[in-house]
Each structure stands twice: as structure tokens, then as C-alpha cells.
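Notes follow the structure.
The values are calculated or read from the model by the stated rules, or taken from the named source; none is laboratory data. Since this is a predicted model, take the numbers as computed values, not measurements. Heads up, the Cβs are rebuilt from the backbone with ideal geometry, glycines too, and the neighbour counts pull from every protein chain shown. What goes into the accessible areas is simple: the full protein's heavy atoms, side chains included, and nothing from ligands, DNA or RNA. Shrake-Rupley method; radii C 1.70, N 1.55, O 1.52, S 1.80 Å.
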Amino acid sequence: MFELTEEQRDLKELAAKLAADRYAPHARAWDEQRTPLPDEERRRLGELGLLALTLPEEYGGGGRPLIDALIVLEELAKANPLAAWPVFEASTGPARVIHLFGTEEQKKRVLPAVAAGESTIAVSISEPDAGSAATDVATTARIEGEEVVVNGSKRWCSGAGHAEQYLVYVRFGPEPGAAGMGAVLVAKDTPGLAFGPQEHLMGHRGVGSADMFFSDVRVPVENVIIPKGGFRKLFTAFSIERLGNSTMSLAIGQTALDRTARYVQERKQFGKEIVEFQLVQAALADMVMQVEAARLLIYRAAASAGTGAPSALEASVAKAFSNEMAKKVSDLAMQLHGGYGYAGEYEIERLHRDAHGWALAGGTTTMQRTRIASEYLGRRFNQRA
């Protein structure tokens, strides 16, 4: 049983009120128009201290445990996923990579702007031929004196074209797989960096996604966050991100459940509320069990993480279950809403679209199963031919 402290309950209430008053009214319109979260709203989150709860206080963050950020993330995402996005990036995403593995100079230079909402960092890993096989990246980085020169292309970068900075995973040397890989920070306005047209994705509308093209992009060598050969330690950061991903799925499931619970007690057919039908009760019970189980898995992993990172096994279990929960629960919500569930005004179809996106992002549920088996057995499985 995970009981929130009084301080955490206050934090949850603050985030929920802000989300309901300021962001929920825009959720449908922003989704339909693919509108990014306005910069002033990101700064507002920073001013309220909600943006970078897990970053250390000396860099402008809250210095709080991971679970506190997840509490805020869920409340914002239940109302409007775009409001939650910068919190996801700052408290569980690429900013944490710099927090965990960056130099003191890099942390002081980069993190305060993230915590204040003045800058967002997006992660850029995938390429046309490197998706689940992340260590197949072909984008190169060579060091020339005091500069790093980056060449190649990236795909499926969430926030591409909108974020001010990008943590780009590159190949520093000819060594195959993880041995030659590292990561470098590239600003949006760096000469030689170009973006393709915005993708029209099924969900995650407004977040932004586009191809990125690097043509002799030069950045200072001080922007190397992960040097060659350091890719494997990034699994620590990936585990943190997976709990952020899991929480975004949890928000979808909880929202779908809450809206469905109201609807089945209001909607009448055959002269009575449809909740009186046993099949409706059974479906609602399944939704409750799925959502509650997901929350417990996420809280277990976050509680063990404290201000650090969760275990890879617990993070992958939470992600795989939560991703599949969100798809199942939003689908059941659509069925119980009938034709209204298929209509945009009820926003159930938006929840279902976004659920599929989180199951693909950050390592698919199929890849999580391989990771779970590997961590549970304490052995590695080579996926290559």
C-alpha cells in the first residue's frame, strides 16, 4: 500500500487544480489543431516549481523524489497531455541524462533554463534504420579540435522543430553497437541542422515530430554529454524515462475510467441506467483492476528509486503493463460510450489514439518483454543474427 504524504497530497491538489482550470478547457482544440503548448505556459510551470521537480535545487529544480514528479505528471496529463509534456522531458526525460552524467559545467549551463521553462531538451535517437535496434545508429560525430562535427539524419524525434535543444545519440567511432556510441547536445538554431515537415501522427498531436538532418553541424566539444562507449550507462536514464512514459499511460487509463464511470450512471437504455447491466459492470470492474494494478507497479518502482533511478526490471514491468492497460481501458471506454466514444467531443477517441503512441515510444512493449526476461534471469539475449 502506497500512502501519499501530506506534502504530496498538497502537490497533487495544486497540479490538479491548475490542470482543470487552465489546461483541460484547451485539450480538445489543441489536439484537433495540433497546437504545441505555448511557451508562456511552460514558463508558468517553471515559476510554480512543477516543471523540474527531480532536478537538484542548485540547478533550479525541486530536489524531490521521482514519485513527486510522477504525481504532478499524472494530474496534468489527465487534463491535457500537452501540459504534461515539458514536465515529462524535464523530470524524467533527457534533462535527467545531463543531471546524471553531465559535467558540473554542463549542469550549470543547461539545467537552470530547463527548470525555469525557458528551454526544453528533446531526445533524438531513432533513425530510418535504427528503431528498436538503437545501437544501429549511423549518425556520426567526429572531434576536430575544440568542436564536434555531426552528420546524418534522425527520425521520430518527439518535439523536433519545437524544442530549443536536442540530445542527439551519435556514433563517435567505427566500433559496432554500443561501443562506438555517445551523445551530444545540439541547439535548434545551430547552422547545418534542418528539420523536415511535421509528421501527422495518429496521436500525440501538438508534441511535434519531424525528421532531423545534420550536415556538418558544429558544436563545442563541451557539448559532449556521453563520450564514446558510454551508451550502456544510459539504461539508468532510460528506466527513469520509462516511469514517465508509464505515468502518461496511467493518466490515459484513469481519465478513461473516470469518464466512463460517470457516463454509465447517466446514460439510460431500456428504461434504466446502463450500469445496471452486468456486462457493463464487468467491463467497468476490468478497467478498475487494470488502472489500479498499473498505479501500484509504477509507485513500487518510483518508491524504490527515491531521488535516483528505479531498477530496470521494475521500470520495464511498469511500462509494459501500463502501456497495454491504457490501450485496453481506453478501448473499453469507447465501447461503453457506444457511438459517443467514437465522437471527438467526448475525447475518448483521443485517449485511445494517444495510448498507442506511448506503447511505441521509449521501447515497445515487445522490447520490454525481452528486457524483463533478461533482467529477471540475469542474462543477456543477443537479438542480432
Scope region 138-165; condition crowded, with 16+ Cβ neighbours inside 10 Å and part of a loop (DSSP other than H, G, I, E, B); matching residues:
THR139, GLY159, ALA160, GLY161, HIS162, ALA163, GLU164
Within region 199-243, residues aliphatic (A, V, I, L, M), within 19 Å of the chain's Cα centre (by Cα) and surrounded by fewer than 16 Cβ atoms within 10 Å (Cβ to Cβ) come out as MET202
From GLY93, GLY62, which residue is small (Gly, Ala, Ser) and farther than 24 Å from ALA355 by Cα?
GLY62
Exactly one of (1) acidic (Asp, Glu); (2) closer than 14 Å to LEU250 by Cα; (3) surrounded by 21 or more Cβ atoms within 10 Å (Cβ to Cβ) is unmet by GLU314. Its number?
(2)
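Taking only region 112-137 into account, find how many residues are on the phi > 0 side of the Ramachandran plot and outside any loop (DSSP other than H, G, I, E, B).
0
To keep it simple, each residue is scored yes or no on (1) among the aliphatic types (A, V, I, L, M); (2) under 27 Å from PRO310 (Cβ atoms); (3) touching a residue at least 24 places away in the same chain (Cβ under 8 Å).
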| position | (1), (2), (3) |
| --- | --- |
| LEU167 | yes, yes, yes |
| GLY173 | no, no, yes |
| GLY180 | no, no, yes |
| LEU193 | yes, no, yes |
| ARG205 | no, no, yes |
| GLU222 | no, no, yes |
| PRO227 | no, yes, yes |
| ILE240 | yes, yes, yes |
| ASN245 | no, yes, yes |
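Residues are listed down the side, and each one gets a yes or a no for (1) among the β-branched types (Val, Ile, Thr); (2) assigned to a strand (DSSP E or B); (3) within 22 Å of GLY102 (Cα to Cα); (4) in contact with a helix residue (DSSP H, G or I) (Cβ under 6 Å, 6 or more places away or on another chain):
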residue	(1), (2), (3), (4)
ALA194	no, yes, no, no
LEU201	no, no, no, no
PHE214	no, yes, no, no
ARG218	no, yes, yes, no
Have a look at ARG300, ARG295 and point out the one that is crowded, with 20+ Cβ neighbours inside 10 Å, part of a helix (DSSP H, G or I) and not aromatic (Phe, Trp, Tyr).
ARG295
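Return the residues of region 348-373 that are open to solvent by 30 Å² or more (accessible area, probe 1.4 Å) and either without any contact (Cβ under 8 Å) to a residue 12 or more places away in the chain or not hydrophobic (A, V, I, L, M, F, W, C) (or both); say none if nothing qualifies.
Residues satisfying the conditions are GLU349, HIS352, HIS356, LEU360, GLY362, THR364, THR366, ARG369, THR370, ARG371, ALA373.
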Somewhere in region 274-282, is a residue at pLDDT 95 or above, open to solvent by 20 Å² or more (accessible area, probe 1.4 Å) and closer than 25 Å to TRP85 by Cα?
no
